[in-house]
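The values are calculated or read from the model by the stated rules, or taken from the named source; none is laboratory data. The model shown is predicted, which means the values in this text are computed figures rather than measured ones. Cβ placement follows ideal geometry from the backbone for every residue including glycine, while neighbour counts extend to all protein chains displayed. Ligands, DNA and RNA are stripped out before the accessible areas are found, and what is left, the full protein with its side chains, is counted by its heavy atoms. Shrake-Rupley method; radii C 1.70, N 1.55, O 1.52, S 1.80 Å.
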Amino acid sequence: MGIGTILVERGLITESQLGEAIAEQKRTGERLDHVLVRLGCVDADKVLEAIGRQFDMDIVDLSEIEVDDETLRTLPSRLVFKQLCVPIRRTATTLHIATCDPFELSAFDELRLLTGLGVELVLADERDLRKFIRSHYGVAGDTLDALATDDEEGTDLLADPASGELDADEEASVIKLVNDLLLEAIRERATDIHIEPYEDELAIRYRIDGVLSEAGVPPTVNRFRNAIVSRLKIMAGLNIAEKRKPQDGRITLRHKGREFDLRVSIIPMISGEGVVLRVLDNSVARLGLEDLGMPSNILERWDTVITRPHGILLVTGPTGSGKSTTLYASLNRIVSDAVKAITVEDPVEYQVDGVNQIQVNTATDMTFAAGLRAILRHDPDIIMIGEIRDLETAEAAVQASLTGHLVFSTLHTNDSAGANTRLLDMGIEPFLVASSVEGILAQRLIRRVCEQCGHRRAITASELPEGLPAPPDGMVMEAPGCRECRRTGFRGRVGAFELLRMTDTIRDLVVKRTDATKIRAAAAEEGELNLLRDAAWELVRRGVTTPAEAMRVIRV
């Protein structure tokens with residue numbers, strides 16, 4: 001009896017839903033129950049429960065069980081990945097195996113012959129099963145197992161790329177290995193992939209929600225470090241024979257209907273070439289300011305400055321704080337057929353409809369400043385400069401704003417008040433800063449509490465920052481961690497924002513070269529500045545994040 005019939009008999013789906021799913025299955029080749037879940041006909045948990053009852057099989061939660069290494073080694077990793085099953089307990093005569101697909105009984109006959117043991121099947125959620133396998137056998141463990149078998153002498157694949165001597169099967173395995181590493185990063189919502197060579201190991205880490213964590217790759221990956229780097233160079237269109245100089249490139253990936261751009265940076269290090277890939281999801285370019293978590297009181301004030309005809313608008317914060325995403329969201333908010341917008345970026349991170357985008361290229365002297373001077377002759381209304389890095393770019397931005405253009409850019413300062421003094425330190429005259437800058441938005445990204453495992457508890461006195469109010473009910477969120485959040489207690493991030501709009505009082509202080517502390521105090525007194533620490537603590541009060549996470553990011 002097939003899974004579709006089982007679900008119909010148990011009243012979980014209708015005949016019409018089954019017919020629709022079968023038609024979709026013929027088109028995509030997916031398993032029928034996967035199609036039914038994807039179409040929203042039935043929950044995955046209900047499917048698992050129905051299969052368990054039909055086959056009289058126990059259901060296990062793999063996130064809550066521990067399996068010893070000896071049991072895990074009962075099956076080779078290639079077979080575990082291929083059959084999507086994992087041994088969880090072993091006795092003298094029986095091997096208990098967790099699977100999500102008990103319909104392929106012939107596969108388990110092979111396991112009986114391989115192990116010489118009786119096989120008892122239990123059911124597990126497919127997502128749990130895949131995570132368990134990656135956690136215990138490593139990301140791309142099956143591919144590494146195959147490579148290690150083919151490479152028994154321990155030589156490095158592509159150790160001499162120029163020779164061109166690479167077995168076709170080995171080359172295919174290397175391609176799959178790199179694809180597995182990249183797709184795992186996408187599945188885990190990583191923003192960066194770090195490949196770091198050391199003397200005796202190759203460390204691979206993903207930055208997820210702003211925090212680096214091990215990718216869970218088997219130690220045997222070290223034997224194929226040169227192959228991995230060479231494959232990435234080929235994908236990015238770089239010189240695979242050049243190992244002495246830094247190289248930068250770009251890779252485009254498509255996965256499940258979404259497009260990702262990977263910015264590749266390769267730098268020679270003591271023990272080999274280090275690689276960092278920035279993962280850019282093109283769907284981010286379509287996000288609105290509300291999607292980023294900008295509260296309505298700040299959004300209303302930000303709208304008043306981004307709709308002005310001219311001036312400089314700055315977004316500040318450290319690397320990885322979402323500055324570029326905020327700029328793109330702001331552009332999307334105001335760009336229309338009635339205005340012309342041009343950007344100069346290094347590199348162009350996301351492509352935005354209706355916006356003319358220029359890539360900085362130092363090899364041809366297309367710098368931020370040179371690009372900005374050139375685009376002024378293209379009659380733009382709105383200009384975005386990826387970053388103000390030096391005096392030349394800052395002067396060009398000021399002149400553009402004073403000649404009737406609205407200029408967006410980013411600046412590396414800790415808060416909004418410090419942006420004015422940073423421009424002064426670059427060498428811009430105080431009266432030019434005061435007359436050109438209209439608004440400064442400082443921001444940070446704070447991790448959200450996992451919705452699945454988060455719960456409320458009473459706040460302690462030590463957690464309450466000085467001068468800030470406790471939550472109305474005295475409760476805050478915390479999360480122990482679960483399978484959905486990779487045991488971190490957090491999933492996703494939200495912005496904390498601080499907006500400083502320039503007033504006559506603040507402009508006078510800038511002209512007098514007043515320090516950032518006094519500018520901050522004057523802006524707060526006028527009601528033109530909400531502090532980052534207040535914004536972060538408000539997220540705690542609303543139950544979006546935890547006190548510890550707010551303190552980590554903002555140091556409230």
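On inspection, residue 233 fails the criterion of being open to solvent by 50 Å² or more (accessible area, probe 1.4 Å), out of contact with any Ser or Thr (no Cβ under 6 Å at 6 or more places or on another chain) and either among the charged types (D, E, K, R) or without any contact (Cβ under 8 Å) to a residue 24 or more places away in the chain (or both). Looking across the stretch 397-451 at every residue that is crowded, with 20+ Cβ neighbours inside 10 Å and polar (S, T, N, Q), the one that is nearest to residue 513 (Cα to Cα) is identified as 420. Across the stretch 312-335, the qualifying residues are those that are of a type outside the set (A, V, I, L, M) and surrounded by fewer than 21 Cβ atoms within 10 Å (Cβ to Cβ), and the one among them that is nearest to the chain's Cα centre (by Cα) is 320. Restricting attention to the stretch 1-17, the residues that are open to solvent by less than 20 Å² (accessible area, probe 1.4 Å), free of Cβ contacts under 8 Å to residues at least 40 places away in the same chain and not small (Gly, Ala, Ser) total 1.
Within the stretch 435-447, is even one residue assigned to a loop (DSSP other than H, G, I, E, B) and closer than 30 Å to residue 124 by Cβ? No, the stretch 435-447 contains no residue that is assigned to a loop (DSSP other than H, G, I, E, B) and closer than 30 Å to residue 124 by Cβ. Those helices (runs of 4 or more DSSP H) of the stretch 459-556 in which at least 1 residues are more than 22 Å from residue 443 (Cα to Cα) and either open to solvent by less than 70 Å² (accessible area, probe 1.4 Å) or in contact (Cβ under 8 Å) with a residue 60 or more places away in the chain (or both), considering only elements entirely within it, cover 504-511.
May I ask you to verify whether residue 308 is of a type outside the set (Phe, Trp, Tyr) and either open to solvent by less than 10 Å² (accessible area, probe 1.4 Å) or within 25 Å of residue 253 (Cβ to Cβ) (or both)? No; evaluated as a whole, the condition is false for this residue. Taking the criterion of being buried (at least 20 other Cβ atoms within 10 Å of the Cβ), at pLDDT 95 or above and over 11 Å from the mean Cα position of the chain (by Cα), the only residue of the stretch 172-196 that qualifies is 195. Within the stretch 376-393, being assigned to a helix (DSSP H, G or I) and either out of contact with any Ser or Thr (no Cβ under 9 Å at 6 or more places or on another chain) or free of Cβ contacts under 8 Å to residues at least 24 places away in the same chain (or both) holds for 377, 378, 391. Every listed requirement among (1) more than 25 Å from residue 393 (Cα to Cα); (2) open to solvent by 30 Å² or more (accessible area, probe 1.4 Å) is met by residue 354 save one, (1). Only helices (runs of 4 or more DSSP H) whose full extent lies in the stretch 32-124 are considered here, and the ones with at least 3 residues that are within 30 Å of residue 8 (Cα to Cα) and in contact with an Asp or Glu (Cβ under 8 Å, 6 or more places away or on another chain) are 32-38, 44-55.
Being within 25 Å of residue 187 (Cα to Cα), open to solvent by 60 Å² or more (accessible area, probe 1.4 Å), free of Cβ contacts under 8 Å to residues at least 60 places away in the same chain and acidic (Asp, Glu) holds for only one residue in 66, 104, 49, and it is 66.
Taking the stretch 80-101 as the range and being within 21 Å of residue 180 (Cα to Cα) and open to solvent by 30 Å² or more (accessible area, probe 1.4 Å) as the test, the residues that pass are 81, 82, 83.
Contact map, the stretch 437-452: first residue within 17 Å of residue 541 (Cα to Cα), second residue open to solvent by 40 Å² or more (accessible area, probe 1.4 Å) and basic (Lys, Arg), Cβ cut-off under 6 Å, separation 6 or more or different chains; pairs are 445/493; 447/493; 450/491.
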